[in-house]
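The values are calculated or read from the model by the stated rules, or taken from the named source; none is laboratory data. What you see is a predicted model; the values in this text were computed from it and never measured. FYI the Cβ positions are ideal-geometry reconstructions off the backbone, even for glycines, and counts take in every protein chain you see.
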Amino acid sequence: MHSYEEPVYLISVVANMLKIHPQTLRQYEREGLVEPSRTAGRMRLYSQADIDRMKLILRLTRDMGINLAGVDVILRLRETMQKMEEEIEQLREEIHALNRPGSVPSGKAIVKRSLYDLIIFEE
């Protein structure tokens, strides 16, 4: 079993899977919509993630009538949103760790880092 990101599919296999011409895949690459990996002999290899991305591209162009420039904007916005969601989740985890039972609320103490940790409670 291959990982989701592992490039294993040749262009002919992907074109057959998606029922499109290999030239369409080359065009998507030229437009910067997908970046397949390359072998030492410069053969394109696609991962399952690449295939899923191309399925989204096809859905946007065929079903919704969006041109490739619009698809590019949508994909970039989607990636930005995913990065922001990951950052929000990381911040939530940090907040949860700071608010765990037994910890001193930040409004009630000043913590200074030096040779020793010093906690001074404010009245």
Of the residues in the range 51-104 that are small (G, A, S) and part of a helix (DSSP H, G or I), the one that is farthest from V14 (Cα to Cα) is A97
Taking the options V8, V13, name whichever one is surrounded by 12 or more Cβ atoms within 10 Å (Cβ to Cβ), over 24 Å from V73 (Cα atoms), outside the structural domain of R76 (by TED's automatic domain parsing) and over 22 Å from the mean Cα position of the chain (by Cα). V13
Within the range 48-78, take every residue that is touching a residue at least 24 places away in the same chain (Cβ under 8 Å) and not aliphatic (A, V, I, L, M) and give me the one that is surrounded by the fewest Cβ atoms within 10 Å (Cβ to Cβ). K55
Are any of the residues in the range 25-38 acidic (D, E), free of Cβ contacts under 8 Å to residues at least 60 places away in the same chain and in a helix (DSSP H, G or I)? yes
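In the range 9-24, what residues are without any contact (Cβ under 8 Å) to a residue 40 or more places away in the chain, not in a helix (DSSP H, G or I) and not charged (D, E, K, R)?
Within the range 9-24, L10, I20, H21 qualify.
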